[in-house]
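These notes are about the structure you will find just below.
The values are calculated or read from the model by the stated rules, or taken from the named source; none is laboratory data. From a predicted model like this one, the values you see are computed outputs, not experimental measurements. FYI the Cβ positions are ideal-geometry reconstructions off the backbone, even for glycines, and counts take in every protein chain you see.
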Amino acid sequence: GAVVSQHPSRVICKSGTSVKIECRSLDFQATTMFWYRQFPKQSLMLMATSNEGSKATYEQGVEKDKFLINHASLTLSTLTVTSAHPEDSSFYICSAREGETEAFFGQGTRLTVV
Amino acid sequence: GIQVEQSPPDLILQEGANSTLRCNFSDSVNNLQWFHQNPWGQLINLFYIPSGTKQNGRLSATTVATERYSLLYISSSQTTDSGVYFCAVEPFGAGANNLFFGTGTRLTVIP
């Protein structure tokens, strides 16, 4: 299957700082990328969808000014958590699709805000 | 929005047993995928199955789109099958190819 690489896998940051998470499709062109958030023992919640070169579309209740998404190329999307607070601590997972094909997922990033 | 319910929520099996996991969805879908989330959080693609039946080793899946459900069969379960199984659906006409996840089934296979 196709490979999606997400970095970092784990990050600890101080409250008030910003954290950037990268998501790369290694062997295909990701026309659409998705960002999910997962709390312990819960399902994945879609945060936003981005198409290359376009602004991201955010799901209801997700603050676009806090979770900045950039999809600058067909192989790279970034999620920046701005002015992070402890309640932003979570597991963040990216996904990528080429056209309407199968979606593949990154390894996830465990964010802890202290 | 679309509702995706999975059952059972938890399942404990003896090694070697068979099981069936179910995914019900509330609206028509373009696509459906099954995933296994391992203990480290990685989502492993199992099946891309908007309709019909597919098999891969000890696993098989069937989606009956007209009746809005999908089934994942695990035969001769092994301890390495433990983890959480998710189905995810792309609502028909979503436009942005969004995948929405079900509630998940947590499987524990004991030796």
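Let me spell it out: the conditions are (1) in a loop (DSSP other than H, G, I, E, B); (2) crowded, with 18+ Cβ neighbours inside 10 Å, and residue A:71 meets all of them except one. Which number is the exception? The failed condition is (1). Among the residues of the stretch B:18-34, none qualifies, meaning not one is within 20 Å of residue A:102 (Cβ to Cβ), surrounded by fewer than 17 Cβ atoms within 10 Å (Cβ to Cβ) and among the basic types (Lys, Arg).
Yes or no: the stretch A:76-91 includes at least one residue that is β-branched (Val, Ile, Thr) and under 17 Å from residue B:101 (Cα atoms). No - not one qualifying residue is present in the stretch A:76-91. Residue count for the stretch B:1-49, restricted to those that are within 14 Å of chain A (Cβ to nearest Cβ) and either free of Cβ contacts under 8 Å to residues at least 24 places away in the same chain or out of contact with any strand residue (DSSP E or B) (no Cβ under 6 Å at 6 or more places or on another chain) (or both): 11.
Residue A:52 meets all of the listed conditions (1) within 14 Å of another protein chain (Cβ to nearest Cβ); (2) surrounded by 14 or more Cβ atoms within 10 Å (Cβ to Cβ); (3) within 21 Å of residue B:100 (Cβ to Cβ) but one, namely (3).
Among the residues in the stretch A:12-21, are any out of contact with any Leu (no Cβ under 8 Å at 6 or more places or on another chain), more than 25 Å from residue B:40 (Cβ to Cβ) and of a type in the set (D, E, K, R)? Yes, that holds for at least one residue. Among all residues of the stretch A:76-91, there is none that is modelled with pLDDT under 95, under 13 Å from the mean Cα position of the chain (by Cα), of a type outside the set (D, E, K, R) and in a loop (DSSP other than H, G, I, E, B). Of the residues that sit in the stretch A:74-103 and are surrounded by 23 or more Cβ atoms within 10 Å (Cβ to Cβ) and within 11 Å of chain B (Cβ to nearest Cβ), which one is farthest from residue B:31 (Cα to Cα)? Once the filter is applied, the top-ranked residue is A:92. Comparison of A:89, A:54, A:83, A:15 shows that the only residue that is farther than 20 Å from residue B:88 by Cβ and free of Cβ contacts under 8 Å to residues at least 24 places away in the same chain is A:54.
Name the residue, out of B:101, B:92, that is closer than 23 Å to residue A:99 by Cα, out of contact with any Phe, Trp or Tyr (no Cβ under 9 Å at 6 or more places or on another chain) and hydrophobic (A, V, I, L, M, F, W, C). Write out each step before concluding.
Details: B:101 fails: out of contact with any Phe, Trp or Tyr (no Cβ under 9 Å at 6 or more places or on another chain).
Just one listed residue meets the conditions, B:92.
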